[in-house]
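Got a structure for you, questions after.
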Amino acid sequence: MATAVQPVVERENYLNSNYGIKSWLLTTDHKRIALLYLMSITAMFWLGGFFAMMIRLELLTPAGDLLTSDTYNKMFTMHGITMVFFFLIPSVPAVIGNFVIPLMVGAKDLAFPKLNLASWYIYMVGACLALWGFLFGGVDTGWTFYTPFSTSYSNTHVVSVAVGIFVVGFSSIFTGLNFIVTIHRMRAPGLTWNRLPLFCWSNYAASLIMVLGTPVIAITLLLVAFERLFHIGVFNPQLGGDPLLFQHLFWFYSHPAVYIMILPGMGVISEVVTCFSRKRAFGYEFVALASIAIAVLGFLVWAHHMFVAGISMYAALVFSLLSYFVAIPSAVKVFNWTATMYKGSVRYETPMLYAWGFIGLFTMGGLTGVFLASLGVDVHVTDTYFVVAHFHYVMVGGMVLAYMAGLHFWWPKITGKMYPEAPAKLSALLVFVGFNLTFFPQFILGYMGMPRRYHAYPPEFQVLNVLSSAGASVLAVGYVLPMIYFLWSLRYGKPAGPNPWNAVGLEWMTPSPPPTYNFDETPVVTWEAYDYEHQPQEEITVGH
Amino acid sequence: MVQQRDTATFGMWMFLLTEIMFFGGLFTSYLVYRHSYYTAFVEGSQKMNILLGAVNTAVLICSSLSMAMGVRAAQMGNKKLMVILLLITIVFGFGFLGIKGVEYHEHWENHEFPGPNFHFETGDPAHPATDPMHTEIYFGLYWVMTGLHALHMIIGIGLVTWLVLAGMRGAFSPVYYSPVENVGLYWHFVDLVWIYLFPLLYLISHKHS
Amino acid sequence: MAQPQQHDDEYTHVVPASLYIGIWATLMVLTLTTVLASFAELGWANIVVALLIATIKGTLVVLFFMHLRYSPKLTIAAVIASVFFLFIMFSLTMTDYISRAWSTYGGH
C-alpha cells in the first residue's frame, strides 16, 4: 500500500524566519546574537587552548627546551588573556544568558536589542585588536599586566592588547546593563522577584559586577597605555609612581571579575539540579540572596592578590578577614544544591553529570581559595602552582563544566534537536578525569614549591608535570567530542519538542526552536519557581 | 509608552554609574598620590589659573541651566525654545573647551607636560621646587583627568547637536522627549565631574601665593 | 503592563523654571565660596570644606537638574549603591597607604 509522503512543513522559528548573512549580521534578535557570540567565543576558546597546549608541552621536561623564556612568557600571558576576557567572562552571559533570559522572564527580547547587537560588534573589535597584538609579536606581561614591566620594560604589543581588552570591557558593560534593565522592567505579569528563576538572579548579580567593576579596569588599562606612550609616571617607581597602585586598581575589578565568571555558572547549576532532581530549589531565597551577597562581598576583598606585593600588614589583615566572609554565600549555595537533590527523583543525563562535577570541583577550588585567604598559608604558596590549581579548579572545574551543562541543557531549545546522549556522557567523563589529572598534581607541585610562570623547573617535579600534561590531552579530547556531536546533532539529532526535559520554566513553554518573538501571547505567571510538584509526569526525551 | 521611557532613562542612569566608576579610578589615583606627595601637589597646583578654572566652572553651571531648561521646553512641547536653549548649551560647551584650550596651551608652553620634556619650577626663588618628580605625577593626573573630561564634553556637544537637528525636524513632543532627557542626564554628569575636579586640582592650597 | 504612575515622576512632573534658576544661583554662589575659602588658612580643614561644598553642589545637580528627586526609588538606590562602591574603592585602598608607615622594617 503506497502512502503519500507528506512534506514536513517546518514551523517558522527564529532560525528560518530570515536567510542570508545580512539577516544575521544586522539582527537584533537576542537568540541570533547569542549564536553569534557562541561562534566567537568558541573560536577564542580554541585559541586559548592552543596556548595552553604550548605551556603543557614545554612543561613535559624540566629544562626550558621547547620555547625560549620570552616566548613562554607570551604563551601563558596570551592563554590567560584569551581565556579570561574573551572566553570565560562572556561565556554563560553572552551565549546562554542572551538566549534564555528574555524567554525566562516572558519577554519578546532584551530591553535594548540594538545595544545587544552593538555589544557583539564591540566584542569583535576588541578581539581583533587583541589578536592583532598576538599575531604581530604577542605580549609577555602576564594577563595581570603588572607594572612597571608592562609600562616601562616590556618590548611587546602591550598597548594594542590592552586597548583590545578595554574595548571588550564595554561589550561586557552593555550586556550587564541590558540584563539589569530587562530583569527589572520586562518581567511578565505575575513573575515577581520571588518567582524568578535562580538563573536570572545569578546573572543579575553578575551584571551588577559587570556594570560597577569593569569601568575600573578600563581606566586602569588606559593609564597603562598612557604611561607607555607619554611616560606619565603614575606606576613607575623611577618617576615616583607606585606599582602597587596599579595592582589595587587592577584587582579592584579583576577580583569581582572572577565572580562575573562563576555566578552565571552557578545559575546554570541551579536550573539543572532542580530539573534533574524534579524538586524545587531548597532554600530558594537563600540561594537568590547568596548571589547578591557574592556580588557585594566580592568587591571588598581584592588585595588578597597582593599579600606579598608590599601592602601594609594591617591592610593585609583587613583583606584576609573580608576574604573569609566571601566564601560563606558560595558555601550556602553548595549546601542548598545538595539539599535539593536529597530525596529528589534524580536523573543522570549529561547536564546533571556536569552539575555534579561542578559541585565537587567548585567546592575543592573554593576551599583552596579559603586556604589562600589565610595570610600564613598564602605567604608560602603564593605565586606557585597551588594558586594555578586553585583558580583552574574554580574556573575550569567550576565554570567550564557549568557552561557545558548549560549548553547541553538548553541545546534542544536553541536548535530544536537533541544531542546524542551516549557520546555526551563519555565526553563528560573524559572532561572530569582529564581535568583532575591535569590540575590535581598542580596542588602538590605548588605546595612542594614549584613557582608559576617559569618554563624550567627542578627535575624532581617532572613526574607530576608529565601527569598534568597527560591529563591535559585527555581534557582536550573531552572538549573536541562535543564540537563533533553538537554539529552532528544539527542534522541528525532527534527532534526535540518544546520541553524535552519536562522542566518548569517559561522558556520550556514555547516551541523549540522558539519563534522570533518568543511567545504567541505574553504569558501570565501563576506558579512558584521550580514548581515540580505540580508538573505532570511525562516521558523525557533523550537523544541517541 | 511609560514603561519604555522609564526604561530608557533607567538605562542611561546605569551607563552613568559606569562613568562614576570610570572616573573613580582616576580619583583613587589622585587620592593616593595627594596623600603621599602633598607638598609636590601644592606646588603644582599653584600653576593652575584659578580665575580661568572658576570661570569655566561657572560656564558649565550655566550650560547645565540651559540644558535643564531645554529639557523642560521639550517636556512642554515648545520646540523653538528647546532648540534655542540647546544651542546656548552648545555655545557654553565650546566656551568651556576654548578656555581649557587656553590653559592647556599655557601649560604646554611652560613644559608642564609629563614626559622627557617636563620641566617644573615654582617661579619663587625663596621656595624652590621640593619634588619636581612628584609634581610631574600631579601634572600627569591633571592632563589625564581634565583631558578625559574634555573628551566627554566633546561627545556631549555632539549629542546635543544631534538633539538640535532632530528637534528642528520635529522629532520630539511632550509624549516623546526621552532622548532630550537622557542626553541632559549625560550633560549634567559631565558637569558633576568638573565640580569635583576644580577644587581638587586648582584649589589645593595657597600657602605660597 | 505597568499602570501609568499617578504620582509625580520625572516625566509627568514639570520642574518650575524658577526652581532651576534658584539652583543655578546657589551653584554660582557656592563656586565663589569655594574659591574664597581656599584662600583661608584652615590647615587640614581646607580639604574638608572644599569637598563639602563640592558635594553640596553635586547633590543639587543630581537631585534637581538630573531629576533624581522625582525619580523612581530604584534609580535612587542604584545611584547610592554606586557611590557606596566608589567609597569602598577609596577607603580600602587608603587602608594600605595610610598604614604603611605604621610598621617600619629595619628602620627604613
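Within the group A:E528, A:E460, A:E538, A:E521, which residue is over 30 Å from A:L35 (Cβ atoms), among the acidic types (D, E) and at pLDDT below 95?
Matching residue, one of A:E528, A:E460, A:E538, A:E521: A:E528.
Would you check which residues across region C:16-29 are more than 9 Å from chain B (Cβ to nearest Cβ), surrounded by 13 or more Cβ atoms within 10 Å (Cβ to Cβ) and closer than 14 Å to B:I195 by Cα and list them?
Correct list: C:T26 only.
So B:Y38 fits all but one of (1) surrounded by fewer than 22 Cβ atoms within 10 Å (Cβ to Cβ); (2) more than 8 Å from chain A (Cβ to nearest Cβ); (3) under 23 Å from B:H152 (Cβ atoms); what number is the exception?
Every listed condition holds for B:Y38 apart from (3).
I'm checking my understanding of the structure. Among residues of region A:157-189 that are more than 22 Å from A:Y253 (Cβ to Cβ) and touching a residue at least 24 places away in the same chain (Cβ under 8 Å), which one is nearest to the other protein chains (Cβ to nearest Cβ)?
A:R185
Just one of (1) surrounded by 22 or more Cβ atoms within 10 Å (Cβ to Cβ); (2) of a type outside the set (D, E, K, R); (3) within 13 Å of chain B (Cβ to nearest Cβ) trips up A:L229, so point out which.
(1)
Being aliphatic (A, V, I, L, M) and either at the interface with chain B (Cβ under 7 Å from one of its Cβ atoms) or without any contact (Cβ under 8 Å) to a residue 40 or more places away in the chain (or both) is the filter; apply it to region A:214-226 and report the residue that is surrounded by the most Cβ atoms within 10 Å (Cβ to Cβ).
Per the stated criteria, the residue is A:V216.
Let me ask something else about it. Out of region B:76-102, which residues are over 27 Å from C:H13 (Cβ atoms), surrounded by fewer than 18 Cβ atoms within 10 Å (Cβ to Cβ) and in contact (Cβ under 8 Å) with a residue 40 or more places away in the chain?
Hits for region B:76-102 are B:F94, B:L97, B:I99, B:V102.
Okay, next question. So, in region C:32-87, exactly how many residues are part of a loop (DSSP other than H, G, I, E, B) and within 10 Å of chain B (Cβ to nearest Cβ)?
9
Among A:H255, A:H248, which is the only one that is closer than 23 Å to A:G310 by Cβ and either in contact (Cβ under 8 Å) with a residue 60 or more places away in the chain or within 9 Å of chain B (Cβ to nearest Cβ) (or both)?
A:H248 is the lone residue from the list that is closer than 23 Å to A:G310 by Cβ and either in contact (Cβ under 8 Å) with a residue 60 or more places away in the chain or within 9 Å of chain B (Cβ to nearest Cβ) (or both).
When only residues in region B:117-137 that are more than 10 Å from chain A (Cβ to nearest Cβ) and within 22 Å of B:L31 (Cβ to Cβ) count, which is surrounded by the most Cβ atoms within 10 Å (Cβ to Cβ)?
B:F120
Do we have any residue at all in region A:190-204 that's outside any helix (DSSP H, G or I), over 25 Å from the mean Cα position of the chain (by Cα) and facing chain B (nearest Cβ under 8 Å)?
No; the residues of region A:190-204 include none that is outside any helix (DSSP H, G or I), over 25 Å from the mean Cα position of the chain (by Cα) and facing chain B (nearest Cβ under 8 Å).
Considering only region B:49-59, I want to know if a residue exists there that is at the interface with another protein chain (Cβ under 10 Å from one of its Cβ atoms), over 28 Å from A:V216 (Cβ atoms) and buried (at least 22 other Cβ atoms within 10 Å of the Cβ).
No, because not a single residue in region B:49-59 is at the interface with another protein chain (Cβ under 10 Å from one of its Cβ atoms), over 28 Å from A:V216 (Cβ atoms) and buried (at least 22 other Cβ atoms within 10 Å of the Cβ).
May I ask you to say which residue of B:T28, B:T7 is surrounded by fewer than 20 Cβ atoms within 10 Å (Cβ to Cβ), of a type in the set (S, T, N, Q) and without any contact (Cβ under 8 Å) to a residue 12 or more places away in the chain?
B:T7
Go through region A:329-409 and tell me which helices (runs of 4 or more DSSP H), entirely inside it, have 2 or more residues that are closer than 24 Å to A:G434 by Cα.
Ranges flagged: A:350-373, A:385-392.
Name the single residue that is farthest from A:H184 (Cα to Cα) among those in region C:88-102 being facing another protein chain (nearest Cβ under 7 Å) and out of contact with any Phe, Trp or Tyr (no Cβ under 8 Å at 6 or more places or on another chain).
Out of the qualifying residues, it is C:R100.
Any chance region B:116-127 includes a residue that's among the acidic types (D, E) and closer than 17 Å to A:G240 by Cβ?
Checking region B:116-127: not a single residue is among the acidic types (D, E) and closer than 17 Å to A:G240 by Cβ.
Considering region A:325-355 alone, what residues qualify as being closer than 22 Å to A:E285 by Cα, within 23 Å of the chain's Cα centre (by Cα) and not small (G, A, S)?
Listed by number, the residues that qualify are A:F325, A:V326, A:I328, A:P329, A:V332, A:K333, A:V334, A:F335, A:N336, A:W337, A:T338.
For B:Y142, which of the numbered conditions (1) touching a residue at least 60 places away in the same chain (Cβ under 8 Å); (2) away from chain A (no Cβ under 14 Å) fails to hold?
(2)
Among the residues that make up region A:297-318, is at least one of them assigned to a loop (DSSP other than H, G, I, E, B), free of Cβ contacts under 8 Å to residues at least 12 places away in the same chain and either within 13 Å of chain C (Cβ to nearest Cβ) or out of contact with any Cys (no Cβ under 9 Å at 6 or more places or on another chain) (or both)?
yes
If a residue counts only when it is among the aliphatic types (A, V, I, L, M) and either at pLDDT 95 or above or within 15 Å of the chain's Cα centre (by Cα) (or both), which helices (runs of 4 or more DSSP H) contained entirely in region B:23-111 have at least 3 such residues?
B:50-75, B:79-109
If you take the residues of region B:170-209 that are among the hydroxyl-bearing types (S, T, Y) and more than 30 Å from B:A129 (Cβ to Cβ), which of them is farthest from the other protein chains (Cβ to nearest Cβ)?
Filtering first and then ranking leaves B:S173.
The values are calculated or read from the model by the stated rules, or taken from the named source; none is laboratory data. All figures in this text were calculated on a predicted structure; none of them were measured in a lab. Don't worry about glycine lacking a Cβ; one is built from the backbone with ideal geometry, like all the others, and counts go over all protein chains shown.
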